[in-house]
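Okay, structure first, notes after.
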Amino acid sequence: MTFLLAEGDLTIRGQIHFENGLVAAIVACLLGIVILITLTVWLSKPSSRPPRSDDHGRHAPAEKSVWHQRIEDIVSRHASGKLEREEAFALLAATVRDFVSSATGTDMSNRTLTDIEAMPRTTGNQQNLTLLRQTIEAFYPPEFADAEHNRIAKDATVEQAGEWVAHLVERWR
């Protein structure tokens, strides 16, 4: 198929000027650079919000004595016969959970070993969470297992459990 052009079909126009488009592109790039520099400066500024306090709930060494006193009270009440063995273990386990709740600002009273294991670990809390899990795990046999059939439950003493709690209080960071 052939197309034939008539004499008036072609119109010659003037030269195409790229300068206008080029100037517009340069202006757009410069504007983009200014916007990126402004965003970089604005986003790199320190936050105007006060920094989050990581010291919330942490115990100073003087305050650890309160926890040690609580532990000694439970152990001595058991030794004097005012507390049954099971009650003493339950109170010591509650003391561990209260101490950690106070130190972290997070309620730990109902956390299971699985919950503790699933908690996100950072370089700052890795050692503390491992220590907490081990201490709570050590309380399970004496607190819940039948002492007749479980050697660990039978052999654990309230004095030992008091030492576990004191150890956790001392090593907590």
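The values are calculated or read from the model by the stated rules, or taken from the named source; none is laboratory data. Model, not experiment: these values are computed from the prediction. Here the Cβ positions follow ideal geometry from the backbone for every residue, glycine too, while neighbour counts run over all protein chains shown. What goes into the accessible areas is simple: the full protein's heavy atoms, side chains included, and nothing from ligands, DNA or RNA. Shrake-Rupley method; radii C 1.70, N 1.55, O 1.52, S 1.80 Å.
Criterion first (basic (Lys, Arg), in contact with a Ser or Thr (Cβ under 9 Å, 6 or more places away or on another chain), surrounded by 13 or more Cβ atoms within 10 Å (Cβ to Cβ) and at pLDDT 90 or above) does residue 70 satisfy it?
yes
Can you tell me which residues in the range 140-163 are open to solvent by less than 70 Å² (accessible area, probe 1.4 Å) and either part of a helix (DSSP H, G or I) or at pLDDT below 70 (or both)?
Within the range 140-163, 141, 142, 143, 145, 147, 150, 153, 158, 161, 162 meet the criteria.
Residues checked against (1) assigned to a helix (DSSP H, G or I); (2) in contact with a strand residue (DSSP E or B) (Cβ under 7 Å, 6 or more places away or on another chain); (3) open to solvent by less than 70 Å² (accessible area, probe 1.4 Å):
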site: 87; (1), (2), (3): yes, no, no
site: 90; (1), (2), (3): yes, no, yes
site: 94; (1), (2), (3): yes, no, yes
site: 106; (1), (2), (3): no, no, yes
site: 122; (1), (2), (3): no, no, no
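Here are the criteria: (1) modelled with pLDDT of 85 or more; (2) surrounded by 10 or more Cβ atoms within 10 Å (Cβ to Cβ); (3) not hydrophobic (A, V, I, L, M, F, W, C). Tell me which single one residue 59 does not satisfy.
Every listed condition holds for residue 59 apart from (1).
Which residue pairs have Cβ atoms closer than 8 Å, lie 6 or more positions apart in sequence or on different chains, and pair a first residue in the range 22-41 that is open to solvent by less than 90 Å² (accessible area, probe 1.4 Å) with a second residue that is not hydrophobic (A, V, I, L, M, F, W, C)?
Listed pairs, sorted by first residue: none to list.
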